[in-house]
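This report concerns only the one structure given below.
The values are calculated or read from the model by the stated rules, or taken from the named source; none is laboratory data. Just so you know, these numbers come straight off a predicted model, no measurement behind them. FYI the Cβ positions are ideal-geometry reconstructions off the backbone, even for glycines, and counts take in every protein chain you see. The accessibility values were calculated without ligands, DNA or RNA, using every heavy atom of the protein model including side chains. Shrake-Rupley method; radii C 1.70, N 1.55, O 1.52, S 1.80 Å.
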Amino acid sequence: MGAWGVKLYQDDVTCDVRDEYINWLKLKRDNEEATKIIIENNMGFIDDEEEPSFWFALADTQWKYGRLLPEVKEKAIKCIEEGNDLLRWEDNPKQYQKRKAVLEELKKKLESEQPPEKKIAKLKFDKALWNVGDLLLYQIQDERLKDNKWYGKYVLFRVVGIAKTNVGSLPIDKYYNEQNVIGLYNWVGNEKIDCAKIHNLEFIKHTNIIAVFHFIRDSGTPRIQH
């Protein structure tokens with residue numbers, strides 16, 4: 001964890017706390033429950049030198065969404081007044097003054113009237129578009145390859161798995177995005193392949209080809225039932 005600037009969200013902890021809190025709201029947890037969860041999940045930060053960053057991010061984000069709880073406000077302002085966060089900037093007087101101004105502005109904001117409570121959209125998850133075993137036939141039609149020998153050729157993929165990826169710091173056993181894991185066949189054709197010949201082909205690559213995945217997804221690649 002670390003900071004790359006003096007602004008509030010030029011810090012790993014503040015970015016993570018902000019995103020996690022918003023994600024719990026998007027999962028339709030009420031403000032008190034979301035606050036309780038994020039505090040419990042981040043005790044490691046709260047118990048060490050990163051504590052100010054935690055409370056700054058939570059208080060600032062709650063204020064922006066019209067949900068600032070009195071106890072969170074109190075914690076954040078206390079951290080500002082104690083000045084412990086400024087210790088890491090002591091070796092750079094210029095940065096120290098800039099950071100101090102950032103925290104003074106944060107305190108001023110937290111002590112002002114917060115905006116009305118904002119509506120939170122439900123969190124959406126990416127789902128795999130194809131099933132394991134599906135065959136994907138793709139014709140290369142990228143205009144950038146028009147003068148290339150591969151333009152107009154057909155290539156063949158098989159969906160060999162579904163990978164789960166994290167949504168921020170949410171527990172991946174319950175909340176995750178899906179991506180198809182795709183195998184590329186050792187075959188290039190001038191026309192669509194005869195399905196009866198597919199059994200004789202071999203893979204030359206077996207990986208999570210993210211770039212290819214998005215390319216063929218967006219191009220409306222047809223699925224061959226096999």
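Selection of helices (runs of 4 or more DSSP H) fully inside segment 31-114 by the criterion of at least 2 residues being at pLDDT 95 or above, farther than 20 Å from Glu20 by Cβ and open to solvent by 60 Å² or more (accessible area, probe 1.4 Å) returns 70-82, 93-110.
The number of residues in segment 105-134 being within 30 Å of Ile162 (Cβ to Cβ), in contact with a Lys or Arg (Cβ under 7 Å, 6 or more places away or on another chain) and of a type in the set (Asp, Glu) comes to 1.
Selection over segment 150-181 of residues that are over 25 Å from Ala128 (Cα atoms) and surrounded by 14 or more Cβ atoms within 10 Å (Cβ to Cβ) gives a count of 2. If you take the residues in segment 115-149 that are of a type in the set (Asp, Glu) and either open to solvent by less than 40 Å² (accessible area, probe 1.4 Å) or touching a residue at least 12 places away in the same chain (Cβ under 8 Å) (or both), which one is nearest to Arg18 (Cα to Cα)? That would be Glu117.
For segment 173-206, filtering for residues that are of a type in the set (D, E, K, R) and over 25 Å from the mean Cα position of the chain (by Cα) leaves 6.
Within segment 153-172, the set of residues being touching a Lys or Arg at 6+ places or on another chain (Cβ under 9 Å) and outside any strand (DSSP E or B) comprises Ile172 only. Only one entry in Glu90, Glu49 is over 28 Å from the mean Cα position of the chain (by Cα) and not hydroxyl-bearing (Ser, Thr, Tyr), namely Glu90.
Residues that are in contact with a helix residue (DSSP H, G or I) (Cβ under 9 Å, 6 or more places away or on another chain) and either more than 30 Å from Phe125 (Cβ to Cβ) or open to solvent by less than 30 Å² (accessible area, probe 1.4 Å) (or both) within segment 182-199 comprise Ile182, Tyr185, Trp187, listed in sequence order. Among the residues of segment 20-30, the ones that are in a helix (DSSP H, G or I), over 20 Å from Pro115 (Cβ atoms) and open to solvent by 30 Å² or more (accessible area, probe 1.4 Å) come to 0 in all.
The set of residues from segment 27-46 being β-branched (Val, Ile, Thr) and more than 22 Å from the chain's Cα centre (by Cα) comprises just one member, Ile46.
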